[in-house]
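J.: Sharing a structure, written as structure tokens. Questions coming.
FYI, it's all coordinate maths here, none of it is from the lab. Quick caveat, the model's predicted, so the values are computed rather than measured. Positions of Cβ are backbone-derived with ideal geometry, glycine not excepted, and every protein chain shown enters the neighbour counts.
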Amino acid sequence: MKSEAKLAGLMLSPLVVAARLPIVWLEAFNPDPRRRSETNRMVTEKVAAMQEGMVASQMALGTAMAEAAAAMMFGLQPKGTPHSVAESMINAGLAPAARRVKANHKRLGKR
């Protein structure tokens, strides 16, 4: 499936966590506000990814509902099954997180 390839970036999550642990560990022992850029970035991008995922998931549901309503108005069968609608919502919701994990892996791997 193409959704599996699209979300394969989430498999890099343990590597990103492992790359960030030393940074956070050093910051715990030396809490200097000038060295918090990675921690601030880590938190803000998670919040942004969650918000983007929620909106994308709701948009996928809204699109499926509008397509189903339009099909029923014309006496046709709706295209998607409940399973395919749920799958598209999940994929849309996880895609922002997968993109960020992939980008973080690339960026933190250079350190």
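J.: What is the angle, in °, between the Cα long axis of helix 13-29 and the longest principal axis of the Cα atoms in the chain? Nearest 10 is fine, range 0 to 90.
T.: Helix 13-29 sits roughly 40 degrees off the main axis of the chain.
J.: Which chymotrypsin sites (Phe, Trp or Tyr not before Pro) does segment 14-111 hold that lie in a coil by DSSP with at most 16 other beta carbons within 10 Å?
T.: Taking segment 14-111 and a limit of 16 other Cβ atoms within 10 Å, the loop chymotrypsin sites (Phe, Trp or Tyr not before Pro) found are Phe74.
J.: Evaluate the distance, in nm, between pseudo-label points positioned 7 Å from the Cα of Ala48 and of Glu67 along their respective Cα→Cβ axes.
T.: Modelled inter-label distance: 3.0 nm.
J.: To the nearest 10 degrees, how steeply does helix 37-73 sit against the main Cα axis of the chain, on a 0 to 90 scale?
T.: Long axis of 37-73 versus the principal axis of the chain: about 0 degrees.
J.: If you average the sequence gap of Cα pairs under 8 Å that are 6 or more apart and divide by the length of the chain, what percent do you get for the contact order? Don't skip to the answer; put the middle values down first.
T.: Numbers: 79 pairs, mean separation 50.7, N = 111.
RCO, the chain: 46 percent.
J.: A further question follows. With +1 assigned to the C-beta of every Lys and Arg and -1 to the C-beta of every Asp and Glu, and no other charges, what is the dipole magnitude of segment 9-109 about the Cα centre in debye, to the nearest 20? If you can, show how the numbers build up before the last one.
T.: Numbers: 12 positive and 7 negative charges, 93 e Å.
Dipole about the Cα centre, nearest 20: 440 debye.
J.: Related question: How much length would be gained if the chain were fully extended between Arg35 and Leu21, taking 0.36 nm per residue of separation minus their Cα-Cα distance, in nm to one decimal?
T.: 3.6 nm
J.: Roughly what angle does helix 82-109 make with the longest principal axis of the chain, taking Cα atoms, 0 to 90 degrees, to the nearest 10?
T.: 20 degrees
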